[in-house]
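Presented below is the structure to which this report refers.
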Amino acid sequence: MADPDEEEEGSLDQLPATVLETIVSKLDVASICSVSSTCKTFNACASHILTFIPSFDLLDIAPSIDLLRPLLPPNPYLKSLKLDCGRLDDSAINVVVRDSLHELYLHNCADFSGKLLSEIGGKCADLRYLYLGSVAEKRGRAIHISDLEELLRGCTRLEALILMFDVSLFLRHNFALVWALVSEKLTSLEIGYVSSVMVTELVGPSLGPHQSPNHVRPSILPGIQKLCLSVDYITDTMVSTISKGLMSLTHLDLRDAPLIEPTITFDLTNSGLQQINQHGKLKHLSLVRSQEFAITYFRRVNDLGMLLMADKCENMESICLGGFCRVTDTGFKTILHSCSSLYKLQVSYGIHLTDLVFHDISATSLSLIHVSLRWCNLLTNHAIKNLVLNTRLRVLDLRDCKHFGDEALRAISALLELKILLLDGSNISDFGLSYLRGIINSLVSLSVRGCKRLTDKCISALFEGSSKLKLQQLDLSNLPNLSDNGVLALAKCRVPISELRMRQCPLIGDTSVMALASMRVDEDRLHGCSLRLLDLYNCGGITQLSFRWLKKPYFPRLRCLGVTGSASRDIIDALARSRPFLHVACHAEELGSNQWDNLHGLYMHDNDEVDELEQWLLEEEGGYNDEEMMDADDDAELLDHLAL
């Protein structure tokens with residue numbers, strides 16, 4: 001009697017190859033790999049498709065050059081390439097740099113040298129979009145101004161350039177001169193770190209050779225519409241130069257992190273704020289002073305500065321202000337009442353911001369969608385009661401505002417379109433969270449990190465009786481009263497979480513790991529399959545037993561794992577060998593840092609049942625084996641015995 005699987009594969013062979021390829025080529029890379037692992041026919045189909053697909057996105061894992069090479073065969077039709085280069089170096093340049101590319105996104109390029117830039121400039125003449133992250137950050141890797149020169153000289157059609165590394169390493173004396181080579185079509189520029197002096201020289205008008213000061217050339221970046229920079233100091237001179245020199249600017253994002261309290265020469269004052277938006281085209285403004293290295297603020301800006309800025313910002317749609325410690329309710333209200341088109345408001349370290357800012361918000365025409373109020377410790381529940389009059393709110397970030405309590409949650413429960421709610425450090429209780437049951441089905445992300453009053457009962461308060469949940473990110477970190485019982489309740493509720501953080505929870509132990517490993521999101525899925533990130537750093541009850549459950553076949557889609565640094569190195573190494581695509585962090589680093597600041601990907605859903613992508617990559621390394629196609633079924637049978 002014929003094998004049903006052989007009959008099915010035989011029936012696929014009856015179809016013309018072009019028909020199969022047309023259908024499968026509509027899928028993304030991960031889905032193509034999923035299809036390829038089902039049978040030999042689809043495997044051959046997928047291998048051929050990789051020679052003509054127009055886009056290739058593999059940011060989910062960091063492949064080695066041996067695994068990447070068969071996935072990127074010669075392909076003259078490849079237009080877009082996105083990779084995590086964490087396991088690649090200069091030897092991969094010839095594989096990833098293609099002359100057909102219009103879009104190139106290379107993340108984690110620490111092991112590459114500046115040769116990457118020069119090779120891109122030499123081969124990618126048609127490039128429109130370029131992102132390079134962490135280039136040459138590994139010790140011993142060098143990058144020179146000549147590499148940047150080759151990049152800018154060769155990519156003459158570049159429209160967006162993102163260099164997420166320290167470009168202040170380039171020699172300053174010819175930095176601006178090299179940028180004169182940049183594409184005239186460039187409209188968006190983002191730089192990971194650069195000094196304010198270099199920015200002023202780059203953006204400002206310059207003297208032509210052998211010309212008097214009366215003959216000034218225009219800015220070398222005249223077409224820039226979006227400028228995002230991280231600098232040493234945000235200064236009046238830099239802000240004024242940007243505002244005057246970039247006449248088409250619609251999006252300005254400046255962030256600094258001073259090592260010491262800046263002097264007046266290297267600081268932003270009311271005078272600098274008055275210079276913003278001189279050409280009247282600015283729609284998005286972000287001015288943030290980070291406290292990464294020292295507790296510093298914009299101490300030379302007060303309400304007058306906000307008043308002067310508001311006069312020119314009536315068409316603003318998004319405003320982010322961080323570190324303005326001398327601005328009071330008067331200044332912030334001026335912004336709210338002047339910017340009638342505002343839909344996004346972010347304020348951090350608003351030391352003097354009180355409930356009065358939102359007292360008469362109903363009198364404005366605002367329709368806010370995104371509000372972030374961080375470290376604004378004078379705000380209370382009354383502010384939220386007024387704020388939620390903007391019923392279309394989709395993002396509400398109230399982290400580190402310690403005076404918000406259950407009454408704030410009662411008010412928030414009226415926001416039926418809310419997708420993201422961040423409540424870190426607030427004074428909420430288990431009972432208060434029950435107010436969110438009415439909107440829990442719409443939430444995509446929820447964080448209650450550091451809400452000390454919460455216990456195991458918060459899980460049932462949130463999820464009991466709910467169905468068709470969309471929650472993807474949940475942060476339960478730093479909850480001293482959360483135990484294994486709470487995680488057991490979470491597993492029983494079948495919440496389809498892809499990122500779960502439980503850092504610094506002393507009562508979380510091995511039972512929690514076993515419960516999550518055995519968890520089923522629905523009847524048709526494998527156990528624990530939805531989790532891609534699990535952070536258990538410094539959870540008091542984690543032992544060697546947990547590491548057995550962290551190996552395959554459990555958590556088949558896990559990509560990032562945080563564990564206690566005191567865990568045995570041998571155990572961690574063994575886990576890494578069994579799961580080569582799993583990133584294990586054991587030095588207290590935050591996984592997926594700034595996850596709440598990049599919200600564009602939070603509404604995507606991944607319905608793959610098993611991690612066929614990793615399986616297919618490993619098969620490419622070790623040879624294709626039809627018997628391995630049955631592994632997922634075997635794993636499912638094994639896990640059936642572990643179901644709750």
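Observations
- Highest average packing first - 106-119, 150-163, Cβ atoms within 10 Å: 106-119, 150-163
- Cβ-defined net charge surrounding L366, 12 Å radius [Lys, Arg +1; Asp, Glu -1]: +1
- Our compactness index for the range 95-157, the C-alpha radius of gyration over the empirical 2.2 N^0.38 Å, is 1.03.
- 12 Å beta-carbon shell around S340, net charge (K/R +1, D/E -1): -2
- Here S367 and E292 are evaluated by their C-beta separation; at R0 = 41 Å the FRET efficiency comes out at 0.75.
- For the pair the range 315-342 / the range 416-433, the C-alpha centres are spaced 25 Å from each other.
- A414-L259 pseudo-label distance in nm [points 7 Å out on the Cα-to-Cβ vector]: 5.1 nm
- Mean separation of Cα contacts under 8 Å (6+ apart) over length of the chain, as relative contact order %: 6 percent
- Per DSSP, loop GluC sites (Glu not before Pro) in the range 257-356 with at most 14 further Cβ within 10 Å: E292, E314
- Local electrostatic count at L163 - Lys and Arg +1, Asp and Glu -1, tallied over other residues with Cβ under 13 Å: -4
- Sites S248 and R437, calculated FRET efficiency, Cβ-Cβ separation with R0 56 Å, nearest 0.05: 0.70
- For the range 18-82, the dipole from Cβ point charges (+1 on Lys and Arg, -1 on Asp and Glu) about the Cα centre works out to 120 debye, to the nearest 20.
- In this rough spin-label picture, where each label sits 7 Å from Cα along the Cβ direction, the E317-V95 distance is 4.0 nm.
- Options [x] 91, 62, 46; [y] 106, 69, 36; [z] 88, 86, 50 - which one matches Cα extents along the principal axes in Å as calculated here: [x]
- Cβ-placed point charges (K, R +1; D, E -1), dipole of the chain about Cα centre in debye, nearest 20: 3180 debye
- Distance between modelled label sites at A125 and K452, nm, 7 Å Cα→Cβ extension: 6.6 nm
- Positive dipole terminus of the chain, leading residue within M238, L71, S31 (C-beta point charges): M238
- Solvent-accessible area, 1.4 Å probe, carbon plus sulfur percent, for the chain: 51 percent
- Per residue accessible area in Å² of the chain, where ligands, DNA and RNA are left out and the probe is 1.4 Å: 43 Å²
The values are calculated or read from the model by the stated rules, or taken from the named source; none is laboratory data. Quick caveat: nothing in here was measured; it's all calculated off a predicted structure. Note that we place each Cβ from the backbone using ideal geometry, even for glycine, and neighbour counts take in every protein chain shown. Please note that ligands, DNA and RNA were not included when accessible areas were found on the heavy atoms of the full protein model with its side chains. Shrake-Rupley method; radii C 1.70, N 1.55, O 1.52, S 1.80 Å.
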